[in-house]
Amino acid sequence: MRFRFDPHLPHQSEAIQAVLDLFEGASSGEALPPDDTLLENLRAVQERSGLHLSPSLEGREFTIDMETGTGKTYVYLRTLHELYGRHGVNRAVIVVPSVAIREGVLQQLRATEEHFANLYGGARIQASLYDPARPSLLKRFAHDPGLQVLVLNMDAFNKGWSNLIHRPADGLDGRKPSELIAEAGPLVILDEPQNLEGPSTRAAVADLAATLTLRYSATHRSRPNPLYRLDP
């Protein structure tokens, strides 16, 4: 059975455009504009969407509220394609809180591959699952051309700094996996971030040195920089 995806659903297009509008005003060679322009962009999107205007920028994490069943995973995967084509954003890490959500993301990556290739001139996400026993996949994420996406389960670092992601690895020439990821300057997507709020997880996510973090959920506990809301 093959899924068919509608690329013209208004609520999905609006959620994607909200993220793209954050990048307005970025100069050549910059992934994002400076913070003052970023705040202006955020407020413009909020005003258009009827959201409360943020008085200041709360870091570089942005909140997207989407109800279950509205295509959250499709939206952020397509957003990655748009950012790659328009702004050259070619490294992303998707952090998930559970094996079940991880498997759902991997399934969606497979299911949408041909759909997105048709939409974006053959461009495909090169997806890898973080596995400390397979350092070649992490090397591919860090160094290979194209749109590289690393799917990372919270269990990869929920035991704190002693976990393997923070230890030098022989297969990475003595480098720490977290260092290799951070040097790529990825965009980070937090899928269901309300389940990723533990101190060790938050510290580990910060260690990934994201250029931008997008938070997708229907049940956020915290909402830094509200960007889009699709409610009932």
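The values are calculated or read from the model by the stated rules, or taken from the named source; none is laboratory data. As the structure is a computational prediction, the values presented were derived from the model and not from experiment. Note: ideal-geometry Cβ built from the backbone for every residue, glycine included; neighbour counts use all protein chains shown. The area values use the complete protein model at the heavy-atom level, side chains included, leaving out ligands, DNA and RNA. Shrake-Rupley method; radii C 1.70, N 1.55, O 1.52, S 1.80 Å.
Quick check for you: which residues of the stretch 67-106 have the amide N under 16 Å from the point 7 Å beyond the Cα of residue 11 toward its beta carbon? Within reach of a label on residue 11: 67-76.
Taking a sphere under 9 Å around the Cβ of residue 213 and counting the other residues whose Cβ falls inside, with K and R at +1 and D and E at -1, yields a net charge of +1. Annotation: extensible slack from residue 86 through residue 103 equals 3.3 nm (criterion: 0.36 nm per residue apart, minus Cα-Cα distance). Solvent exposure of the stretch 162-232 amounts to 42 Å² per residue of accessible area, where only protein heavy atoms count and the probe is 1.4 Å.
Note on residue 23: accessible area is roughly 10 Å² with a 1.4 Å probe, heavy atoms of protein only. Take every Cα pair under 8 Å whose residues are at least 6 apart in sequence, average their separation, divide by the length of the stretch 34-169, and the relative contact order is 22 percent.
Put a dot 7 Å past the Cα of residue 36, heading toward its Cβ, do the same for residue 219, and the two dots end up 4.2 nm apart. The listed peptides 75-83, 180-188, ordered by packing as a protection proxy, come out as 75-83, 180-188 (highest mean of other Cβ atoms within 10 Å first). Across the chain, the relative contact order, built from alpha-carbon pairs under 8 Å that are at least six residues apart, equals 28 percent. Springs join every pair of Cα atoms under 10 Å in this Gaussian network model of the chain, and among 202, 48, 167 the largest mean-square fluctuation is at 48. Each of [x] 0.98; [y] 2.02; [z] 1.58 is a candidate for Cα Rg over 2.2 N^0.38 Å; the one calculated from this structure is [x]. Rounded to a whole number, what % of the accessible area of the chain do carbon and sulfur atoms account for, probe 1.4 Å? On the chain, the fraction of accessible area on carbon and sulfur atoms equals 49 percent.
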